[in-house]
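Written out below as structure tokens is the structure these notes cover.
The values are calculated or read from the model by the stated rules, or taken from the named source; none is laboratory data. Fair warning: this is a prediction, and the values are worked out from it, not measured in the lab. A quick note on method: Cβ atoms are made from the backbone with ideal geometry, for glycine too, and the neighbour counts reach across all protein chains shown.
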């Protein structure tokens, strides 16, 4: 199972990302009060996918990047 972590402060701007991803089976979505990426949180959409930062300028672009990351072979 893959894990996707969000900062609650960043998630307010990216509710669409969470809603798109919660439809996918075999992933765990977690939102934390703070992930310590305050600069990213202020300037862009981001998530931590299996321990790696994934960021984008828009929530739509973030969904695309997360989907690519989820489909990568380990």
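Quick look at the values:
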read-out	value
Positions within segment 18-30 being in contact (Cβ under 8 Å) with a residue 12 or more places away in the chain and under 12 Å from the mean Cα position of the chain (by Cα), in sequence order	18, 20, 21, 27, 28, 29, 30
Members of segment 43-54 that are buried (at least 17 other Cβ atoms within 10 Å of the Cβ) and farther than 11 Å from residue 10 by Cα	48, 49, 54
Leading residue by the ranking (nearest to the chain's Cα centre (by Cα)) among those in segment 31-42 that are modelled with pLDDT of 85 or more and surrounded by 11 or more Cβ atoms within 10 Å (Cβ to Cβ)	31
